[in-house]
Amino acid sequence: MKVVSHEELKKHNSEGDVWMAIHGLVYDVSKFMPDHPGGAHLLQDVAGRNASGEFEDALHSEQARAEEAIVLKGMLEGCEQQVEGHRGAGWTEDQGIPNPEVQEAAKSSASQTVVATVLLVGTIGAALAAFAFLRSRKQ
Ligand code: HEM
């Protein structure tokens, strides 16, 4: 994915040419602006900068995240690890704007699986050890 510099992002803040960064990804929202249910002015206000907080504060739906009229331009310079994190949690570009809540849930369910596996292996190990011990005492 292309890396977009902070300078490049900043340039796109004029009427009809609006880019914004959300969760480390840079989107061109120019075409979508007139159709934004919250009004074009809200998008214009955050033009050329990181708008992750504003986007999440408005409690957008999954449908909003998958809006087809926004165009992914690349990842914001310095956000490479953040984007790797999205991918690690199962995000792909075609899903649109990543949902941090879904990714937190994916992370915690992955760690739950690790804990469950360790417990299971430990229990089987203890049972085998007890079995071997009891057999050795019988003889
Ligand atoms: C790529 C960026 C964005 C997309 C695709 C988008 C899309 C949408 C959509 C589809 C809705 C309708 C409700 C829903 O489905 O969630 C909505 C509502 C809204 N959006 Fe956005 N939005 C974006 C960015 C923003 C930003 C940056 C802000 C704030 C600065 C914002 C503020 C709002 C508000 C306040 C509403 C509620 C409007 C109402 O119910 O009257 N949006 N947006």
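Note the angle between two axes, namely the Cα long axis of helix 100-138 and the longest principal axis of the Cα atoms of the chain, as a number of degrees from 0 to 90, rounded to the nearest 10.
The angle comes out at about 10 degrees.
Which of G125, G24, G78 moves most in a GNM of the chain, Cα contacts under 10 Å?
G125
For the stretch 3-97, what is the largest minus smallest coordinate of the Cα atoms on each principal axis, given in angstrom and ordered from greatest to least?
Reported extents, whole Å, longest axis first: 34, 30, 21.
Given the chain, what count of lysine pairs have C-alpha atoms under 21 Å apart, with each pair 8 or more places apart or on different chains?
Taking the Cα cut-off of 21 Å, the pair count is 9.
Of E56, E84, E101, which is the most mobile in a GNM of the chain whose springs link Cα atoms less than 10 angstrom apart?
E101
Can you give me the accessible area per residue for the stretch 3-97, using a 1.4 Å probe, in Å²?
Working: 5280 Å² over 95 residues.
For the stretch 3-97, the solvent-accessible area averages 56 Å² per residue.
V71 accessible area, nearest 10 Å², 1.4 Å probe?
Surface open to solvent at V71 totals about 60 Å².
What percentage of the solvent-accessible surface of the stretch 3-97, computed with a 1.4 Å probe over protein heavy atoms, is contributed by carbon and sulfur atoms?
Details: 2650 of 5280 Å².
Summing carbon and sulfur atoms, their accessible area is 50 percent of the total for the stretch 3-97.
Show log10 I(q)/I(0) for the stretch 25-77 at q = 0.20, 0.24 Å⁻¹, two decimals, from a solvent-free Debye sum over equal Cα scatterers.
Once normalised to I(0) and log-transformed, intensities are -0.73, -1.11.
Under a point-charge model restricted to the Cβ atoms of Lys and Arg (+1) and Asp and Glu (-1), what is the dipole moment magnitude of the chain relative to its Cα centre, in debye to the nearest 20?
On the way: 12 positive and 20 negative charges, 287 e Å.
Here the size comes out at about 1380 debye.
Over all alpha-carbon pairs in the stretch 99-139, figure out the percentage whose distance exceeds 17 Å. Display every interim value, and only then the final one.
Details: 436 of 820 pairs.
That tail contains 53 percent of the Cα-Cα pairs.
The values are calculated or read from the model by the stated rules, or taken from the named source; none is laboratory data. Keep in mind the model is a prediction, meaning the values are calculated, not measured. Neighbour counts run over all protein chains shown; Cβ positions are idealised from the backbone, glycine included. What goes into the accessible areas is simple: the full protein's heavy atoms, side chains included, and nothing from ligands, DNA or RNA. Shrake-Rupley method; radii C 1.70, N 1.55, O 1.52, S 1.80 Å.
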